[in-house]
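Here's the structure we're looking at; comments come further down.
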Ligand SMILES: Cc1cc2nc3c(=O)[nH]c(=O)nc-3n(C[C@H](O)[C@H](O)[C@H](O)COP(=O)(O)O)c2cc1C
């Protein structure tokens with residue numbers, strides 16, 4: 001993110017491990033290209049200014065009606081992340097998971113992105129939105145509270161890459177209700193998964209899923225229409 005030059009980026013607030021502090025951030029295309037899920041981290045903590053910069057990228061994400069119904073619970077250090085892993089790891093963790101949870105639980109930071117449906121229903125009951133008739137959940141053809149929380153999470157993943165951090169978005173292995181109670185999350189907030197964050201270790205294995213290969217543009221992008229008219 002070179003726009004604005006060094007120190008001017010929206011979320012670059014501290015030097016990174018991989019880039020000297022005198023350089024501006026990565027170019028956007030480079031951030032997109034380099035982003036990948038990282039599952040193995042060093043023991044180095046993530047300094048709060050770096051962390052806040054990454055989280056701020058999530059706060060910049062768009063939201064329907066600017067409802068901003070996303071919340072982030074941020075767990076730092078083993079004392080906070082330990083209970084997260086205990087409550088959410090599936091019973092098979094460490095065996096059937098190929099050690100995934102064992103590696104992940106060393107992440108110095110875990111972020112739990114939460115979607116607040118009621119914030120959207122309330123927002124769309126306001127005078128400028130009320131004519132749309134979206135005050136009721138069943139009127140929404142797409143649950144934008146989940147979409148927006150995913151947008152915020154993606155911004156966090158990209159900002160983490162830009163800061164030289166590694167990050168993994170992953171699904172919770174269970175225990176959502178227990179986790180929310182443990183964290184004191186108010187009723188009505190729904191976790192969409194979690195993000196592990198930290199400084200990437202050198203020996204991080206790539207996801208076996210990547211062996212599937214990336215689909216060609218022509219398989220994903222359909223210009224004009226999907227297929228020729230019959
Ligand atoms: C919605 C979603 C859920 C995912 N859940 C997991 C997960 O539970 N565990 C995991 O190791 N990776 C998970 N991934 C990561 C994907 O496997 C990964 O994004 C994909 O293989 C492409 O790899 P890359 O992101 O490194 O390019 C998830 C990704 C997404 C978008």
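Listed values, structure above:
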| item | result |
| --- | --- |
| Rounded if a/c under 1.5, otherwise prolate or oblate - the range 38-200, Cα gyration tensor axes | prolate |
| Within a Gaussian network of the chain (alpha carbon springs, distance under 10 Å), most fluctuating of 112, 38, 147 | 147 |
| Between the range 125-177 and the range 202-230, the alpha-carbon center distance in angstrom | 23 Å |
| 222 nm mean residue ellipticity, helices alone, for the chain (DSSP H n ≥ 4; -39,500 (n - 2.57); rounded to 500) | -9000 deg cm²/dmol |
| Most to least packed among 149-161, 207-219 [average Cβ atoms within 10 Å] | 149-161, 207-219 |
| Footprinting exposure proxy for 189, 170, 66, 41 (fewest neighbouring C-beta atoms within 10 Å first) | 66, 170, 189, 41 |
| Relative contact order computed over the range 38-200 (Cα-Cα under 8 Å; 6+ residues apart), in percent | 39 percent |
| Neighbour-count ranking [beta-carbon atoms within 10 angstrom, fewest first] of 168, 26, 121 | 121, 26, 168 |
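Only the coordinates and a few stated rules stand behind these numbers; no lab work does. Predicted, not measured: the structure shown is a model, and the values here were computed from it. Glycine gets a Cβ as well: all are built from the backbone with ideal geometry, and neighbour counts include every protein chain shown.
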